[in-house]
């Protein structure tokens with residue numbers, strides 16, 4: 001298990017698309033989320049992924065375990081998910097220093113929400129901020145995907 005350290009931001013405009021080197025369709029749901037711990041099943045294009053995350057250590061970092069699973073198994077797990085699904089397109093946008101932003105453009109009940117995340121080696125690691133990057137929302141629970149399954153962005 002490793003410690004994931006990421007910062008999350010709203011996105012001002014769609015200039016990130018011209019800088020993206022790839023994009024992926026993601027559908028995900030939460031089998032459990034309680035007290036900051038989550039169990040998530042995800043379809044990443046045509047593969048399945050099971051992820052377990054522990055509660056945040058400092059608002060930025062949290063333990064994470066992730067394993068690819070057969071696509072059929074992932075599809076079988078979706079009926080166990082609480083709340084709605086998350087449907088999004090993820091754009092991978094390099095930002096220098098060997099890092100990349102993952103920009104999620106949400107669909108369905110979360111249409112209109114666009115967020116960027118960057119995974120860092122340490123909470124205070126410096127990184128290049130592109131002009132399209134907006135307000136930081138790291139640690140704001142309203143922007144957790146697990147929260148969005150029960151409180152979709154369109155209802156805010």
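Here are the numbers:
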item: Most fluctuating residue given options 36, 72, 54, as computed from a GNM of the chain linking Cα atoms under 10 Å; result: 72
item: Added length on full extension, which subtracts the Cα-Cα distance from 0.36 nm per residue, residue 69 to residue 31; result: 12.2 nm
item: Whole-percent pair-distance distribution, where bins are 5 Å wide, for the alpha carbons of the chain; result: 2, 9, 17, 22, 23, 17, 8, 2, 0
item: Residues 9, 153, sorted so that the one with the fewest Cβ neighbours within 10 Å comes first; result: 153, 9
item: Separation of the residue 20 and residue 57 label points, Cα + 7 Å toward Cβ, nm; result: 3.2
item: Full-extension gain in nm, residue 97 to residue 12, via 0.36 nm per residue minus C-alpha separation; result: 28.4 nm
item: Among 122, 100, 74, residue whose mean-square fluctuation peaks in a GNM of the chain (springs only between Cα atoms under 10 Å); result: 122
item: Per-residue Cβ neighbour rank within 10 angstrom, fewest leading, 44, 156; result: 156, 44
item: Whole-number Å³ per residue for the convex hull built on Cα positions in region 26-102; result: 110
item: Computed label-point distance, nm, for sites residue 45 and residue 154 using a 7 Å Cα→Cβ extension; result: 2.9
item: Most mobile of 144, 30, 91 in a GNM of the chain (Cα contacts under 10 Å); result: 144
item: Order of 106, 143, 127 under a 10 Å beta carbon neighbour criterion, fewest first; result: 127, 143, 106
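Taken together, the values in this text are just the output of simple stated rules run on the coordinates, not laboratory data. Please read all numbers here as calculations on a predicted model, not as lab measurements. All Cβ positions, even for glycine, are placed from backbone atoms using ideal geometry, and neighbour counts span all protein chains on display.
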